[in-house]
Amino acid sequence: MSEQCAVPLCLPNNCKWDAQTGEYSKSAGSRESLCVIEAAIERLKSIKGPVCVVSIAGPCRKGKSYILSKSFDQGEVFPLGHFLDPETMGIWMWIVPDKFKDSNGKEFTVVLLDSEGIDAVSSDGSDDHCIFTLTILLASVLIYNSAGVPTRTDLDGLDFIVKLSQRIQLRSSAQTSDPVGGESLQADANQFHKTFPFFVWLLRDVVLSLPKDCHSIKDYFLTRVFLSDPTSKGDQSNQVAESILNFFPGFDAFKLPPPSSDPEVVLNLNRDEVQQDVNKSFVRGVQEFKALLRSKLSPKRSFNDGEYVTGEALAALVNIYVSALNTPGTVPSVQSAWETFVHTKCTEAKLAALRVYESVMTSELDGLLPCDSDNIRQVQERAIGESMRIFQEETVGVSASSSEKYLDELMDSMNEALKRWQGENNRQTKEQCHKLLRALKEELLDPILRELSGKDGASVSFAQIIGGYSAIEQGFKRDAKGAKDICAQVFYEFHPEMQAEMEKHMAYLQQLKDFDESLAFERQEKARQEQERQRIEEENARLEEERRAKEKEMEILKAKQEEDRKRLEEQFKADMEAQREQMHNMMTANMEELRKDREAIVQQNQTFKESMEHMRQSMEKRNDQIVELQKQIVALANRPPPPPQKGGICVIS
């Protein structure tokens with residue numbers, strides 16, 4: 001299949017698409033569901049960063065595929081038909097190769113979706129509604145493409161827009177047990193503008209001029225087509241007009257003249273040989289429409305403020321929404337779909353980061369144990385850095401507040417893994433230290449003790465025994481490997497074993513002229529103090545490592561929060577501007593009650609302040625944790641040395 005052609009994002013179950021040839025065909029079976037095409041999903045997953053989805057919908061055979069590709073200077077990427085039957089079935093997708101930038105200079109990718117025509121001969125109403133519902137759920141900008149200038153009566157045929165309030169659920173908490181209506185569903189619908197696409201109505205083949213009192217086709221819509229009639233409140237046309245201005249965050253309209261009066265030219269608009277026969281007014285109009293469309297482009301927003309949809313997120317949402325649409329009695333939920341994606345994505349990111357952590361730890365520590373605990377902490381710091389980088393890369397578009405829980409879980413998992421590494425290092429350190437001490441004792445002290453209890457015992461001096469001990473101590477310090485605090489602990493705990501050994505030879509020791517009990521005790525006390533010193537140093541190092549890890553975690557959240565803040569500010573500003581514009585549209589269309597409802601919603605919107613407060617509290621919590629660790633470090637450094645140990649007589653140490 002050529003990479004220069006669009007691929008189907010989803011097709012009816014009775015259509016088949018060949019990924020090798022790019023051809024699709026219709027089978028004789030009945031149309032009952034939609035099937036997601038994996039090739040399109042893989043293309044979406046390959047997009048790094050946010051996406052802007054431009055979808056086109058409307059009656060069939062009105063040139064939707066042509067104008068969608070032409071608006072972005074793309075070739076004949078979508079299948080174009082030349083027969084009465086519609087060419088496009090399901091939804092087809094093309095990814096524009098060029099990158100675009102938003103007002104903050106943030107790059108995003110434009111995804112074009114060409115949808116099956118509404119009221120196609122080969123489909124029924126329920127199919128249209130399913131395709132249109134999915135188009136609304138996925139789009140950032142919706143182009144509604146139709147022929148001629150509509151009248152108010154023509155709005156009656158767009159009742160599927162009104163019924164979006166029954167076919168889409170915004171919040172997962174909304175009650176949807178009554179699919180026909182209800183106050184909760186209406187309240188949900190009043191918030192559709194948060195995630196619905198910008199609505200652009202494109203009129204094709206328009207030859208009539210605007211009335212003198214209308215300065216634009218948009219003005220014509222608001223003052224003629226959408227104008228609310230108080231005497232006919234509740235009729236179908238009123239409901240459609242109100243739904244367009246209430247559900248969608250913005251509205252605009254544009255008209256294009258016919259490209260030509262020659263049918264051959266119209267059928268071959270993409271061919272170079274007919275370009276000189278295309279109406280110049282049509283060419284100018286296409287360029288103007290492109291400019292209008294470009295001004296509406298921005299990354300697709302998710303349900304959560306401050307979060308945007310990436311290519312990978314869009315791929316996940318397609319599968320979730322199609323599954324819901326295919327399930328009888330189920331209404332797609334925008335919040336639930338996004339939360340499902342966030343949970344799946346953050347969980348995968350956490351596991352990927354943990355695999356990287358374990359890979360770094362294993363590759364650098366395998367065969368190195370037992371080793372100094374500092375070595376493990378240094379490797380741990382590098383491993384945490386790598387895992388944090390992976391987590392950050394894999395959660396692009398997900399806010400700090402949404403990913404914080406998973407970041408905490410990642411840190412907990414890495415801390416547990418560190419404890420396992422340290423536990424294994426301590427075990428091996430103990431094992432090798434015990435083995436080393438036994439070998440040193442057998443080599444350096446046991447021969448002296450055997451001589452002491454033998455026939456030449458009188459020739460042995462206490463200085464020789466102390467010298468044997470000193471040789472053991474020196475040999476141990478030279479050859480012992482592993483955690484320093486464990487080495488010191490093992491050496492100190494070796495003294496009771498020596499004590500028991502010495503007590504066997506007590507009668508001989510007491511006969512030695514230079515026997516010095518206090519010297520032996522000093523040796524043991526020195527070992528105990530060394531053990532305590534190493535233990536405190538290890539505890540201090542552990543707390544320092546925990547503090548550094550917390551600071552690294554805080555850096556990640558700070559970076560994410562700064563991105564969130566910028567996006568929230570940008571979205572808040574854009575929302576306020578869009579709301580003012582849409583309320584002006586409502587007022588122009590004489591929808592005063594609708595305008596007042598929207599104004600109340602805008603005034604009650606505290607999302608931005610609430611998000612800022614959540615960020616502040618999150619940082620404050622982590623700052624407190626770091627301060628508490630710093631206090632523990634200072635307290636440990638200022639702790640007075642332990643008093644000398646009191647107890648029974650130590651014969652030797």
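Among the residues of the range 48-72, the one identified as open to solvent by 10 Å² or more (accessible area, probe 1.4 Å), in contact with a Lys or Arg (Cβ under 9 Å, 6 or more places away or on another chain) and either under 24 Å from residue 313 (Cβ atoms) or without any contact (Cβ under 8 Å) to a residue 60 or more places away in the chain (or both) is 49.
Please tell me if residue 499 is assigned to a helix (DSSP H, G or I) and at pLDDT below 75. Judged against the criteria, residue 499 is a match. Picking from residues in the range 310-346 that are open to solvent by 30 Å² or more (accessible area, probe 1.4 Å), of a type in the set (A, V, I, L, M, F, W, C) and touching a residue at least 60 places away in the same chain (Cβ under 8 Å), the one that is farthest from residue 401 (Cα to Cα) is 325. Pairs meeting the criteria (first residue in the range 194-219 and open to solvent by 10 Å² or more (accessible area, probe 1.4 Å), second residue of a type in the set (D, E, K, R), beta carbons under 6 Å, at least 6 apart or on different chains) are 198/296; 204/62; 206/255; 217/255; 218/252.
Out of 609, 552, 621, report the one residue that is at pLDDT 75 or above and either within 21 Å of residue 388 (Cα to Cα) or out of contact with any helix residue (DSSP H, G or I) (no Cβ under 7 Å at 6 or more places or on another chain) (or both). Before the answer, list the steps.
Details: 609 fails: at pLDDT 75 or above; 621 fails: at pLDDT 75 or above.
Going through 609, 552, 621 in turn, the sole match is 552.
Close contacts from the range 380-393, counting a first residue that is without any contact (Cβ under 8 Å) to a residue 24 or more places away in the chain and a second that is among the aliphatic types (A, V, I, L, M), with Cβ to Cβ under 8 Å and a gap of 6+ residues or different chains, come to 382/360.
Residue check: residue 265 meets all listed conditions (1) open to solvent by less than 10 Å² (accessible area, probe 1.4 Å); (2) touching a residue at least 24 places away in the same chain (Cβ under 8 Å); (3) of a type in the set (A, V, I, L, M) but one, namely (2).
Across the range 268-307, the number of residues qualifying as part of a helix (DSSP H, G or I), modelled with pLDDT under 90 and surrounded by 18 or more Cβ atoms within 10 Å (Cβ to Cβ) comes to 0. Restricting the range 199-249 to residues that are of a type outside the set (Val, Ile, Thr), part of a helix (DSSP H, G or I) and touching a strand residue (DSSP E or B) at 6+ places or on another chain (Cβ under 7 Å), the residue that is farthest from residue 71 (Cα to Cα) is 245.
One residue is enough: does the range 115-125 have a residue meeting the conditions modelled with pLDDT of 85 or more, open to solvent by less than 50 Å² (accessible area, probe 1.4 Å) and either assigned to a loop (DSSP other than H, G, I, E, B) or in the same structural domain as residue 56 (by the TED database) (or both)?
First pass over the range 115-125, keeping only residues modelled with pLDDT of 85 or more: 115-116.
Still in the running and open to solvent by less than 50 Å² (accessible area, probe 1.4 Å): 115-116.
Checking the rest, the ones that are also either assigned to a loop (DSSP other than H, G, I, E, B) or in the same structural domain as residue 56 (by the TED database) (or both) come to 115-116.
Yes, the range 115-125 has at least one match.
Report, by residue number, each residue of the range 465-497 that is under 49 Å from the mean Cα position of the chain (by Cα) and crowded, with 19+ Cβ neighbours inside 10 Å. Passing the criteria: 480, 482, 483, 484, 485, 486, 487, 488, 489, 490. Going by what's in this entry, would residue 573 be described as open to solvent by 20 Å² or more (accessible area, probe 1.4 Å), basic (Lys, Arg), closer than 17 Å to residue 250 by Cβ and within 26 Å of the chain's Cα centre (by Cα)? Yes. Taking residues in the range 277-296 that are touching a residue at least 60 places away in the same chain (Cβ under 8 Å), and partners anywhere that are open to solvent by 50 Å² or more (accessible area, probe 1.4 Å), the pairs with Cβ atoms closer than 7 Å and at least 6 places apart or on different chains are 286/70.
For the range 80-91, taking the residues that are open to solvent by 10 Å² or more (accessible area, probe 1.4 Å) and under 21 Å from residue 138 (Cα atoms), the one that is modelled with the lowest pLDDT is identified as 88.
The values are calculated or read from the model by the stated rules, or taken from the named source; none is laboratory data. These figures come from a predicted structure and were not determined experimentally. No Cβ is skipped: glycine too gets one built from the backbone with ideal geometry, and neighbour counts run over all protein chains shown. These area figures cover heavy atoms from the full protein model, side chains too; ligands, DNA and RNA do not enter into them. Shrake-Rupley method; radii C 1.70, N 1.55, O 1.52, S 1.80 Å.
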